[in-house]
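Nothing in this text is a laboratory measurement; each read-out follows from the coordinates by a stated rule. Everything quoted here is computed from the prediction, not taken from an experiment. Ideal geometry is used to build each Cβ from the backbone, glycine not excepted, and the neighbour counts take in all protein chains shown.
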Amino acid sequence: MIKRLSVTVVVIGCSFFGLGQEDVHFSQFFNATPIFNPATSGIFHGTMRFNSHYRQQWSSVSAEPYTTMAASIDLPVLTDITQHDMLAIGIYGIKDDAGLSQTSTTNLGLNINFGKSFDPSETNFFSMGLKVNYGQKALNFDGNWGSQWNWKLANPDFDPNIAGGEQGDVSNSFIGVGAGFNWFYTNHDNVRANLGSSINNINGPQVNYLNTEYSLARSLYLHGDVEIHSHADNFAFIPRVIMFTQARQRYFVVGSAFDFVFQEAGKHTGITKEVTMEFGAYFRWKDAFIFQTQFNWAGVGVGISYDVNISKLNAASSLQGGLEAYLSYKLGYKRGLKDGHSNDRFDSIH
């Protein structure tokens, strides 16, 4: 019971005092780059990309687990404006519900990205993006607060008949501004890479939370990946990394995926569809091991990952962390040479 109370206090505290960290995180960060880095909007093979995410964590220690839902759409709208360049736009939405207090954050964002290559073969493609984010918070005052814990019960637990005592107004809406940079590289044969960085809340938007005024802390992301493919073995090795910091909150994730190509796409008619299966393992520093798999057919991707918690909460969580699901669709992905879509500069090396 002491263990449950201590974990509950931590979970509530993370919800209630999460003033330092406002950005949500995904274990499959490599699939969520359009959400946190606007400079990756339009950086894909195809004419339009749809990504969706669902994440649930701490269900083993809280009656109300943390849940995060997100979706994004991005596409190139203009190409070769001044030769070897592109203008892309994207939109995204996030709904995050945090624990017993049900602190809810809703975000809607717009990305604008301009990219250009300075060499005719477009081996290197540089892009810079801007984002505008509309956010709003909500709080459920009927939740389980520390002051509602009743030791006098036969089985000590939260007592809804005890007033929580919390008062105040939850924030009105706010507007955040962000920017990002991305470098895409391909040798158009067997190597492809991305290296990007972004910063959110550049304008330090003001939030009123329980009658407390504070500025949303700026968040900084650094992320990168390299895909090395062996055509002879139909196999790809993909190391990935991300670093994040926001006020006192930080995380660092590093790991690799292994992509097995069961069938390569037809290069001319596009009738033959690409089929691949990916398996990955990652380490989030001092927090969790992450295991991930993803199945891809043509432009459809379905992924799932699970966090094995190794932080100080593992005694109560029994190593259980978070389950995350991912669904993606790329329109115009490897439709063959006759398709004529304009975003083949980001060709897949499979």
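Assorted remarks:
- Inter-probe distance in nm under a simple model that places probes 7 Å from Cα toward Cβ, at residue 132 and residue 50: 2.6
- The residues packed around residue 323, meaning those with a beta-carbon under 11 Å from its beta-carbon, carry a net charge of -1 if Lys and Arg are +1 and Asp and Glu are -1.
- Scoring 127-134, 187-194 by mean Cβ neighbours within 10 Å over their residues and listing the highest first yields 127-134, 187-194.
- Here the Karplus curve 6.51 cos²θ - 1.76 cosθ + 1.60, taken at θ = phi - 60°, turns the phi angles of the stretch 238-248 into couplings of 10, x, 9, 8, 8, 10, 9, 9, 8, 6, 8 Hz, with x standing for Gly and Pro.
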